[in-house]
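Data block below; observations after.
The values are calculated or read from the model by the stated rules, or taken from the named source; none is laboratory data. All of these numbers come straight from a predicted model, not from anything done at the bench. Because the Cβ atoms are built from the backbone with ideal geometry, glycine has one as well, and the counts that use them run over all protein chains shown. Quick note on the areas: whole protein, heavy atoms, side chains included, nothing else; ligands and nucleic acids left out. Shrake-Rupley method; radii C 1.70, N 1.55, O 1.52, S 1.80 Å.
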Amino acid sequence: MSDPTNRLAPVVRLAQAKLNLTLAIVGPRPDGYHALHSVVVPLGLTDRLSFAPAPGGRDTLHVGGRDAGPIAENLVLRAIAATRRAVGARSPGPAGPPPPLAVRLEKRIPVAAGLGGGSSDAAAAIDGALEAWGAELEPAERLALAIGLGSDVPFFLAGGPALIEGRGERVTSLAPLRGEPPGVLLVTPAVAVRTPDVFAAWASGIRPPGACAARASSEHLAAELRAGLSGTDLVRRSAVLAAANDLLSATLALVPELVAFRRALARLLGRPIGQSGSGPTCLVLYPSLVEAAAAADLVREALGAGRLPRLGMDDPAIEPTTIAAGPGAKAASDSTMIREE
Ligand code: C5P
């Protein structure tokens, strides 16, 4: 019998970061999670994963770039193991389970930042492993795998702007923004914020005033995107969007130093400061990447001159990027797949 590793074709995937343009908490769920209404868009900022045959008998993961924490906790290996089980259960046969993979992950997305980097890597791992093995799963099987790995993972399987509901498993594609892709400046202070702690703080009553304001903004934005919204019009809504995150007050209660940091950033840039997901990433929308990159320079200068408070042990991560353009769900995710010969 031929060596099963010969069947493997090396595969590369780019895993996009995401931004919650809105994040409304509809309410607690009986399973302990929270029902969401959130408009989410993919970003130009990506991690890079490559998949090749593993010489030993098990999957391996090598991480370069940003420190992504302990390998054992990395979702990539869990995603590959779960995908192998699903493929094996679907077509048990004499060939045995799909062979081990050696994965290289080049991290560029700040970790534990509210940008979905780990979840995006997991979705890319499901997709990349299936491609490397020449195996297939039905969309419903992929979705079950994705939600089993984390609430943010289904969004990344679909790709493209989407309305996220339920725990994260209901993903409805929305039309991409028209015109030039808006620029986004991401500033991630070096403070750890655990998502479960932020949701727990919300559940304990730390909520924004004006009940349901984020929900109304979120529904309105989803309707506007469905009807076709331009990037320019999105940026005009910066102030409303910056206030449309129900988790912001909970994050600020857990990390009070963020209040002064965000205030100083707003004074420096003269624009509304939003937060993605459970934070701590601060986000600022611009009409283009050029303007976001100029703002990044201002932030670096201000940090050097001590005009921005320093949080944690390190400098913040400063990433100018764009809201990813693209025709939508499948085409957008396919275009991020490159085969290495
Ligand atoms: O699903 P995931 O493991 O990414 O979620 C991390 C934590 O965030 C959960 O343990 C839960 O505390 C919280 N969460 C939630 N409701 C969601 C998503 C996440 O309460 N819809």
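Only residues that are assigned to a helix (DSSP H, G or I), closer than 25 Å to residue 44 by Cα and out of contact with any Leu (no Cβ under 9 Å at 6 or more places or on another chain): list them for region 135-157, please.
Hits for region 135-157 are 147, 155, 156.
Out of (1) touching a Ser or Thr at 6+ places or on another chain (Cβ under 7 Å); (2) farther than 18 Å from residue 251 by Cα, the odd one out for residue 216 is which?
With (1) touching a Ser or Thr at 6+ places or on another chain (Cβ under 7 Å); (2) farther than 18 Å from residue 251 by Cα applied to residue 216, the lone miss is (1).
Is region 59-73 home to any residue that is over 17 Å from residue 146 (Cα atoms), over 21 Å from the mean Cα position of the chain (by Cα), modelled with pLDDT under 95 and in a strand (DSSP E or B)?
no
Look at region 37-48 and say how many of its residues are open to solvent by 30 Å² or more (accessible area, probe 1.4 Å) and within 14 Å of the ligand (Cβ to nearest atom).
Total satisfying the criteria: 0.
So which residues in region 167-187 are of a type outside the set (A, V, I, L, M, F, W, C) and either more than 17 Å from residue 277 (Cα to Cα) or open to solvent by 10 Å² or more (accessible area, probe 1.4 Å) (or both)?
167, 169, 170, 172, 173, 176, 178, 179, 180, 181, 182, 183
Hey, among the residues in region 205-228 that are within 16 Å of the ligand (Cβ to nearest atom) and at pLDDT 95 or above, which one's nearest to residue 309 (Cα to Cα)?
Within region 205-228, the match that is nearest to residue 309 (Cα to Cα) is 214.
Every residue in region 188-202 that is within 16 Å of the ligand (Cβ to nearest atom), in contact (Cβ under 8 Å) with a residue 60 or more places away in the chain and surrounded by 15 or more Cβ atoms within 10 Å (Cβ to Cβ), please.
Scanning region 188-202 gives 193, 195, 198, 199, 202.
Considering each residue of region 150-165, count those that are at pLDDT 95 or above and open to solvent by less than 20 Å² (accessible area, probe 1.4 Å), and give that number.
Adding up the residues that qualify gives 8.
Give just the number: which of (1) among the aliphatic types (A, V, I, L, M); (2) closer than 19 Å to residue 183 by Cα; (3) open to solvent by 40 Å² or more (accessible area, probe 1.4 Å) does residue 260 not satisfy?
Residue 260 satisfies every listed condition except (2).
Would you check if residue 24 is aliphatic (A, V, I, L, M), open to solvent by 20 Å² or more (accessible area, probe 1.4 Å) and either modelled with pLDDT of 95 or more or away from the ligand (no atom under 16 Å from the Cβ) (or both)?
No.
Pull up region 228-257, narrow it to residues that are without any contact (Cβ under 8 Å) to a residue 12 or more places away in the chain and within 21 Å of residue 181 (Cα to Cα), then point me to the one that is least open to solvent (accessible area, probe 1.4 Å).
Residue satisfying both the conditions and the ranking: 233.
Which residues, taken from region 258-312, are among the small types (Gly, Ala, Ser), closer than 24 Å to residue 192 by Cα and either without any contact (Cβ under 8 Å) to a residue 24 or more places away in the chain or within 16 Å of the ligand (Cβ to nearest atom) (or both)?
266, 276, 277, 278, 279, 304, 306
Would you call residue 238 at pLDDT 95 or above and either farther than 24 Å from residue 117 by Cα or within 16 Å of the ligand (Cβ to nearest atom) (or both)?
No; evaluated as a whole, the condition is false for this residue.
Can you tell me which residues in region 158-168 are assigned to a loop (DSSP other than H, G, I, E, B) and more than 10 Å from the ligand (Cβ to nearest atom)?
159, 160, 161
So in region 121-149, with the set limited to residues that are touching a residue at least 60 places away in the same chain (Cβ under 8 Å) and open to solvent by 30 Å² or more (accessible area, probe 1.4 Å), which one is farthest from the ligand (Cβ to nearest atom)?
Here the residue is 134.
Being more than 20 Å from the chain's Cα centre (by Cα) and open to solvent by less than 70 Å² (accessible area, probe 1.4 Å) narrows it down to one of 292, 317, 296, so name that one.
296
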